[in-house]
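Working notes, structure below.
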Amino acid sequence: MNNYETTVKRWSESAENFNKSIQSQLFDENSVTVWTNLIKENAPQKEAITVLDIGTGPGFFAIILAKIGYQVTGIDCTPEMIESAVKNAEQQGVKPELKIMDSHVLDFEDNTFDLIVNRNVTWTLYEPEKAYKEWKRVLKPGGKLLIFDANWYMSHFDPLAGREMTEGMREYREKYGELPEKFSMNVVEDYWLKLPMVGVQRPQWDKAALWKLGFQNLVFDTNLSERVSLTDMDRMLYGCTPMFMISATKATKAEEEEAFNRVYWDGAAINWGSNCLRDHHSFKKNAYLELLEPHFEEEKKYKILDIGTGSGFMATLLAEKGYQLTGVDFSEKMLGEAAYCAQELGVQVEFVQAKADHLPFDDNSFDGIICRNVTWLMKDPQEAFSEWNRVLKKNGKLIYIDGNWNLYQYDEEEKQRFIKNREELEALGEKKLYGYGHSSTVLIDKLSANLPFSKLRRPAWDQENLSQFGFNVLEIEENISQKVLTEIEQKREATTPMFMVVAQKK
């Protein structure tokens, strides 16, 4: 008998008693009101909500949510449970769709439901990661997952919970007499105790699992017991196992991409931080100054914005020369490395966490904007360049350095050149195929997938298009790699020479 068959058998045996319990809750006006309000408060705030009630059992959630107008589908692996749910729904005057289905393998299209709910179900999952992934699949982007559960049987693993359970049962006997049948059992079936969610600390486990799957806005309420109106009997029997709620939102595609980017750049931060100080003590310091300074009038002490400052190399470079620098980056860890670099160098730079295309500055705030290896990451070049134009003063300078970093993904000729270059490097024993510690192209490919500049030849595009964003192109240097890269870096980036664009706000 496999896990699914065993689960069906166990809950089939409990279906009759479980149905009696649910029927009493359905006729308990206070219980219905409390649970209805709790779900409504945490559900997406929209009309015509589609709901999937996983492990519906005799249909409590499916019925109370159908009563308030939600379009509800309830599933359960046990035919007896679904049969009870159908009868209970008819008695309550509602018609949720009720189906027999395995919660690990859902027979629904992707992005079907606005809300998934379940109560006292997740602890029974025999493959919880698989189930959570499947639930995410059928949620719409922006849809919410609400889990209500508890650390069932924790008394078998945690001595404190065991003592609380013993005390609760003693109190129950003194006040009400014999314990309910399930609490009178001396031995709990090994099947329950061996389930992966039994004996682990929750909802901490769920937090890690849901975050790994890309859920966002994770909210946890670790003690719902008082709110969901436990009776005095329930308090004695279940007081050692307080119910918790988990609320999680399925990210939109844009949110998932942003989260991936943040994790990627946060992970790269520590290496970038060490490179900042290293480059300050190498030929690169003067090399970049020779490229940048001729375009700024030093005596005016320009206010300069470094967009995508990373670990702060460009910002601290110009701050040392007396310019007033502000550096922005959306990675908090990058900004931490940048602040450390500035402190070590003894320079003043204002660092601000912000997105490159949504800058928290007034119009006409800066005399100049600089950035390095940032423009290739733009999802919407028009939006970003227009935003940069907005915060620049009239006649302000825009100077950016970049390369055709991922053109090989979309251009066959470039792809062959890229592959040949990597083969030559590997033959020489070179493992660090990207700077800053990245030894694989996989993450870079994912990071740059479908970005506009990954498909365009630059700086030809920049020459042709900057005018429409309010800039006059003053100068383009198509290959500065020999000026600013070490010999080995030039070999690594042989197929992607770095270029520099100097433009001026009209």
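The values are calculated or read from the model by the stated rules, or taken from the named source; none is laboratory data. Just so it is clear, the structure is predicted and the values come from calculations on it, not from any experiment. Ideal geometry is used to build each Cβ from the backbone, glycine not excepted, and the neighbour counts take in all protein chains shown.
Can you tell me which residues in the stretch 194-204 are loosely packed, with under 15 Cβ neighbours inside 10 Å and touching a residue at least 12 places away in the same chain (Cβ under 8 Å)?
Within the stretch 194-204, Pro196, Gln201 meet the criteria.
As an exercise: evaluate Ser247 against (1) out of contact with any Pro (no Cβ under 9 Å at 6 or more places or on another chain); (2) part of a helix (DSSP H, G or I) and give the number of the one condition it does not meet.
Unmet condition: (2).
Is at least one residue of the stretch 98-120 at pLDDT 95 or above, farther than 11 Å from Ile54 by Cβ, aliphatic (A, V, I, L, M) and part of a loop (DSSP other than H, G, I, E, B)?
Yes, some residue in the stretch 98-120 is at pLDDT 95 or above, farther than 11 Å from Ile54 by Cβ, aliphatic (A, V, I, L, M) and part of a loop (DSSP other than H, G, I, E, B).
Which condition breaks for Trp388 when tested against (1) modelled with pLDDT of 95 or more; (2) in contact with an Asp or Glu (Cβ under 8 Å, 6 or more places away or on another chain)?
Every listed condition holds for Trp388 apart from (2).
Are there strands (runs of 3 or more DSSP E) fully within the stretch 298-408 with at least 2 residues that are within 25 Å of the chain's Cα centre (by Cα)? List them.
324-329, 349-353
Consider Pro44 carefully, then state whether it is touching an Asp or Glu at 6+ places or on another chain (Cβ under 6 Å) and more than 30 Å from Leu193 (Cα to Cα).
Yes, satisfied.
Report whether or not Glu41 is of a type outside the set (Gly, Ala, Ser), over 20 Å from Ser24 (Cβ atoms) and without any contact (Cβ under 8 Å) to a residue 24 or more places away in the chain.
Against the criterion (of a type outside the set (Gly, Ala, Ser), over 20 Å from Ser24 (Cβ atoms) and without any contact (Cβ under 8 Å) to a residue 24 or more places away in the chain), Glu41 qualifies.
Before we move on, is Gly69 within 32 Å of the chain's Cα centre (by Cα) and part of a strand (DSSP E or B)?
no
Phe296 passes all but one of (1) at negative phi; (2) surrounded by 23 or more Cβ atoms within 10 Å (Cβ to Cβ); which number fails?
Unmet for Phe296, out of (1) at negative phi; (2) surrounded by 23 or more Cβ atoms within 10 Å (Cβ to Cβ): (2).
I need a count of the residues in the stretch 90-116 that are under 32 Å from the mean Cα position of the chain (by Cα) and without any contact (Cβ under 8 Å) to a residue 12 or more places away in the chain.
1
Do we have Ile39 as within 30 Å of Lys250 (Cβ to Cβ), in a helix (DSSP H, G or I) and in contact with a Leu (Cβ under 7 Å, 6 or more places away or on another chain) here?
Answer is yes for this residue.
Could you list all residues from the stretch 268-297 that are without any contact (Cβ under 8 Å) to a residue 60 or more places away in the chain and in a helix (DSSP H, G or I)?
Ser274, Arg278, Asp279, Phe283, Lys285, Asn286, Leu289, Glu293, Pro294
Can you tell me which residue in the stretch 358-381 is farthest from Lys397 (Cα to Cα), limited to those that are surrounded by fewer than 19 Cβ atoms within 10 Å (Cβ to Cβ) and among the charged types (D, E, K, R)?
Here the answer is Lys379.
When the stretch 481-505 is examined, which residues are found to be touching a Gly at 6+ places or on another chain (Cβ under 8 Å), at pLDDT 95 or above and charged (D, E, K, R)?
Selection gives Lys505 alone.
Within the stretch 404-431, which residues are surrounded by 16 or more Cβ atoms within 10 Å (Cβ to Cβ) and more than 22 Å from Ser448 (Cα to Cα)?
Leu425
Given the criteria surrounded by fewer than 22 Cβ atoms within 10 Å (Cβ to Cβ) and either within 27 Å of Asn2 (Cβ to Cβ) or among the aliphatic types (A, V, I, L, M) (or both), does Ile64 qualify?
When the stated conditions are applied, Ile64 does not pass them.
Six or more apart or on different chains, Cβ atoms under 8 Å: show the pairs whose first residue is in the stretch 152-180 and at positive phi and surrounded by 14 or more Cβ atoms within 10 Å (Cβ to Cβ) and whose second is at pLDDT below 75 and of a type in the set (Val, Ile, Thr).
What qualifies is Tyr153/Val188.
Among what's in the stretch 280-297 and is modelled with pLDDT of 90 or more and more than 16 Å from Gln482 (Cβ to Cβ), pick the residue that is nearest to the chain's Cα centre (by Cα).
His280
Can you name the helices (runs of 4 or more DSSP H) wholly within the stretch 451-493 that have at least 3 residues being surrounded by fewer than 15 Cβ atoms within 10 Å (Cβ to Cβ)?
So the answer is 460-465, 487-492.
For the condition in contact (Cβ under 8 Å) with a residue 12 or more places away in the chain, outside the structural domain of Gln382 (by TED's automatic domain parsing), of a type outside the set (Lys, Arg) and within 23 Å of Arg422 (Cα to Cα), what is the one hit in Ser448, Ser481? Step through it out loud before you land on a result.
Working: Ser481 fails: outside the structural domain of Gln382 (by TED's automatic domain parsing).
Ser448 is the lone residue from the list that is in contact (Cβ under 8 Å) with a residue 12 or more places away in the chain, outside the structural domain of Gln382 (by TED's automatic domain parsing), of a type outside the set (Lys, Arg) and within 23 Å of Arg422 (Cα to Cα).
Give the stretch 76-87 a look and list any residue that's touching a Leu at 6+ places or on another chain (Cβ under 7 Å) and crowded, with 23+ Cβ neighbours inside 10 Å, or say none.
Matches in the stretch 76-87: Ala85 only.
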